[in-house]
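Notes for the one structure printed next.
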Amino acid sequence: MPHAVYEEVVTKGRGRPGSKELETLINQGKVEVLAPKNRALVEALHDPLGKGESEAIALAVEHGCMLALDDRIARSKAKSMNLKVIGTIGLLRLAYSKGLISKDKLIQALRELKEHGFRISDKIINEALKKLNLKAYQEQCEQ
């Protein structure tokens, strides 16, 4: 994880959804906070991207790994650099398909994302669930 994202989520975002969970993963050694070595690339990407997205793309280039991004412009830039990109919904689908989370946890996570202002349409969520042969998001959330 880029240091800029750590600062945004854990330090500045203390008390907000996800900050405690992320800090726990870092303390358990399951997530490592890194600073990209290629500062010139970070600076070149910084306009129009935020610092976190810029550092994330630079780290993906340096480590040759998949990149988790939800920002449309950042995703487009990463894809133009031939990086593999996955979003939050894709990560949740992957966790479910690998048996890391249950169907109920998946539905709960999607519901909580929406409740906390995650900007994604019900159409996209329904498409993701349909690919996993799950009931429609709306049906699950209304229960």
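Here are a few things to note about the model shown:
- Whole-Hz couplings from phi, Karplus 6.51/-1.76/1.60, listed for segment 64-75; x for Gly and Pro: x, 10, 5, 10, 9, 9, 10, 4, 4, 5, 5, 4
- Cβ-derived FRET efficiency at R0 30 Å, S19 paired with K84, nearest 0.05: 0.65
- Around the amide H of L34, modelled in the peptide plane, lie the amide H atoms of H3, all under 5 Å away and 5 or more residues distant in sequence or on another chain.
- In whole angstrom, segment 31-102 maps to an equivalent ellipsoid with semi-axes of 24, 13, 10, each derived as √(5λ) from the alpha carbon gyration tensor and ordered largest first.
- Remark: spin-label model distance A68-A44 equals 2.7 nm, labels positioned 7 Å along the Cα→Cβ axis.
- Long-range amide H partners of I86 with built H, under 5 Å: L67, A68, L69
- Dipole magnitude for segment 78-122: about 200 debye, using +1 per Lys or Arg Cβ and -1 per Asp or Glu Cβ, origin at the Cα centre.
- Of H46, G13, A56, farthest towards positive along the dipole that unit charges on Lys, Arg, Asp, Glu beta carbons give segment 9-62: G13
- Under the convention that each Lys and Arg Cβ holds +1 and each Asp and Glu Cβ holds -1, the size of the dipole of the chain around its Cα centre is about 380 debye.
- Note on segment 3-143: with neighbouring protein chains present and a 1.4 Å probe, carbon and sulfur make up 50 percent of its accessible heavy-atom surface.
- Altogether, the Stokes-Einstein calculation at 25 °C and 0.890 mPa s, with the Kirkwood radius of segment 1-65 over Cα pairs as Rh, returns a diffusion coefficient of 202 µm²/s.
- For the set K51/K114; K79/K130; K20/K79; K37/K123; K79/K114; K51/K98, the pairs lying more than 28 angstrom apart at their alpha carbons are K20/K79; K37/K123; K51/K98.
- Over the Cα atoms of the chain, the radius of gyration divided by the Kirkwood radius equals 0.98; this is the Rg/Rh ratio.
- Using a Förster distance of 22 Å, the FRET efficiency for Q28-L100 (Cβ separation, nearest 0.05): 0.90
- Solvent-accessible heavy-atom area per residue, rounded to whole Å², over segment 31-143 at 1.4 Å: 64 Å²
- Whole-number percent relative contact order across the chain, with pairs defined as alpha carbons under 8 Å at least 6 apart: 15 percent
The values are calculated or read from the model by the stated rules, or taken from the named source; none is laboratory data. All values derive from a computational prediction rather than experimental measurement. FYI the Cβ positions are ideal-geometry reconstructions off the backbone, even for glycines, and counts take in every protein chain you see. Surface areas here come from the heavy atoms of the whole protein model, side chains and all, with no ligands, DNA or RNA. Shrake-Rupley method; radii C 1.70, N 1.55, O 1.52, S 1.80 Å.
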